[in-house]
Amino acid sequence: MIEVINKSGISCPEVEIKKLLSFSISELGLAPDCELTLTFIDDAEMEKLHIQWMNLPGSTDVMSFPMDELKPNDQTPGILGDIVISPRYAELNAKKAGHSTEHEIKILAAHGLLHLLGYDHQKLEEENKIINYSCCCNGYFLNSDIIFVLYPCSHFIHEKCLNNDMIKNN
């Protein structure tokens, strides 16, 4: 079950995010009944979480809180965890990257899901998995031949053309 909650006071693409996360869970080989909550929050709440859990000042774009430590291709039903996103921070990222806030929020949701599965920025191999997966799932939801590859540590976005029937036909 995927729950999307908006406590930010800013309009967010909640239905699209739920579809994105459902698609992602399926593509990652997880049990379809895994539990996941994504909450949109304001910057004040994000700053509190950022200080409490990362010991870093200020707000941030996305944070993930894993629960059952599930991994890709694990069909065990369980609780993936929680993702929190600051739509205001996502808007700032989007302006820097030159794309829409909605697209940035989709990137952050996919990015947060991969963190729930244990991927992090510290290992190049894991970062490449994040890059490759973000490429596929975001391409699907753009409904176009242009996909965007996320370089998670830098949050730079690069366009890449892809002719992938799996993406086009879903």
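The values are calculated or read from the model by the stated rules, or taken from the named source; none is laboratory data. Being a predicted model, the structure only gives us computed values, none of them experimental. Glycine also receives a Cβ, built like all others from the backbone with ideal geometry; neighbour counts cover every protein chain displayed. Note: areas computed on protein heavy atoms with side chains; ligands, DNA, RNA excluded. Shrake-Rupley method; radii C 1.70, N 1.55, O 1.52, S 1.80 Å.
Report whether or not residue 79 is out of contact with any helix residue (DSSP H, G or I) (no Cβ under 8 Å at 6 or more places or on another chain) and over 19 Å from residue 4 (Cα atoms).
Considered against the rule, which asks whether it is out of contact with any helix residue (DSSP H, G or I) (no Cβ under 8 Å at 6 or more places or on another chain) and over 19 Å from residue 4 (Cα atoms), residue 79 comes out as no.
Applying the set (1) in contact with a Ser or Thr (Cβ under 9 Å, 6 or more places away or on another chain); (2) open to solvent by 90 Å² or more (accessible area, probe 1.4 Å) to residue 60 leaves exactly one unmet item: (2). Just one of (1) modelled with pLDDT of 90 or more; (2) in contact with a Phe, Trp or Tyr (Cβ under 7 Å, 6 or more places away or on another chain) fails for residue 42. It is (2).
Here are some residues: 11, 24, 59. Which one is hydroxyl-bearing (Ser, Thr, Tyr) and either in a helix (DSSP H, G or I) or closer than 18 Å to residue 119 by Cβ (or both)?
Values: 11 fails: either in a helix (DSSP H, G or I) or closer than 18 Å to residue 119 by Cβ (or both); 59 fails: either in a helix (DSSP H, G or I) or closer than 18 Å to residue 119 by Cβ (or both).
Going through 11, 24, 59 in turn, just one is hydroxyl-bearing (Ser, Thr, Tyr) and either in a helix (DSSP H, G or I) or closer than 18 Å to residue 119 by Cβ (or both): 24.
Identify all residues within the stretch 10-43 that are over 18 Å from residue 80 (Cα atoms) and open to solvent by less than 60 Å² (accessible area, probe 1.4 Å); write none if there are none. Within the stretch 10-43, 12, 13, 41, 43 qualify. Note on the stretch 79-112: residues that are assigned to a helix (DSSP H, G or I), closer than 16 Å to residue 47 by Cβ and under 13 Å from the mean Cα position of the chain (by Cα) amount to 2. Answer yes or no as to whether residue 104 is farther than 15 Å from residue 2 by Cα and surrounded by 20 or more Cβ atoms within 10 Å (Cβ to Cβ). Taking the combined requirement at face value, the residue satisfies it.
Taken over the stretch 58-76, the criterion of being out of contact with any helix residue (DSSP H, G or I) (no Cβ under 6 Å at 6 or more places or on another chain) and among the hydroxyl-bearing types (Ser, Thr, Tyr) is satisfied by 76 alone.
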